[in-house]
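Colleague: The structure under discussion is supplied below as C-alpha cells; questions concerning it will follow.
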Amino acid sequence: MKRQFGILFLIGFTFVAAQSANDAIRRLQHKFNSINNFTAEFSQGVFTTKGDDQGKSLGKFFYKKKNKFIVELKNQIIISDGSNVWNYDKKFKRVVISYLVDDPTSFSLEKFIYDYPGLCKSRLLKDNSASENEDIIVLTPKDNDLQFKEVKIWKNSDNLISKMELTDLGDMKYSFSFSDLKTNIELPDHNFTFTPPKGTKIIDLR
C-alpha cells in the first residue's frame, strides 16, 4: 500500500501523518525505559490466511527488562531469562530449551519496541473503535531479512502496549492482547528460570 497523507477513514481506522508514527514510537520507547516490569492478563488468537479463527488462549503475562518474560497458559508455560527460552508443555510433560536469539518469539517485546522500528517503514493509525481511541503503530520491513510481513502495535493512553498483531511470511496472523496492566511490581529474577518437573522429557536445542 502506498503511503497515505492527510486523513482517510477506513473500517474504524484513521490514517495519521507519517511523522506522527515516529513520535508514537519514541513515546512508547520512553515509557518502557521508565518502567522495570509489568504484569497483565493475556490473550492470544491465531487466524489463517482466509481469516478463519483458530481459537484463543488466555493466561497471564509477566515482563521484566532485558527480555525476561513468563507466559502462563492453561497447558503451556514459556519462560525467558533473557538468554534462554523454556517452552514447557504441561499435558505431554515436555520442555524445549533454546536460545532466545534462535527463537524469534513474539513475546520478545523489546525487539518490537527498540530493534524493529529502525528496520521497518512505519505509519500511524488511530483506532476510532477502541474505548481510548488508541494509536496503532504499523511496522513493515524494509527488506526480506525479518520473519514477518507486518506488525501492528496498539499503544494506549499510558503509552503501554495493549495489543499486538503479527502477520508472518505465510500470511498467518497472530494477535496478542494485554489487559489489567500493572507496572513496577516485585518480580525477582529467579522467577524467570525454569526447573523441569521430575519425569519431564527435555529437548535441548542450544
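Since every read-out is calculated from the coordinates, none of them should be taken as a lab result. All values derive from a computational prediction rather than experimental measurement.
Colleague: Relative contact order for the stretch 9-204: what is it in percent, counting Cα pairs under 8 Å that are at least 6 residues apart?
Modeller: Taking the mean separation of contacting Cα pairs over the length of the stretch 9-204, I get 26 percent.
Colleague: Could you run the Karplus curve 6.51 cos²θ - 1.76 cosθ + 1.60 with θ = phi - 60° over the stretch 23-38 and give me ³J(HN,Hα) per residue in whole Hz, x for Gly and Pro?
Modeller: Whole-Hz 3J(HN,Hα) from phi for the stretch 23-38: 4, 5, 5, 5, 5, 5, 5, 4, 5, 5, 5, 8, 10, 9, 6, 7.
Colleague: Still on this structure, I have one more. Starting from 0 in steps of 5 Å, tell me what percent of the Cα-Cα pairs of the stretch 125-199 lands in each bin.
Modeller: 3, 12, 17, 15, 14, 14, 13, 7, 3, 1, 0
Colleague: With N set to the number of residues, divide the alpha-carbon radius of gyration of the stretch 9-204 by 2.2 N^0.38 Å and report two decimals.
Modeller: 1.05
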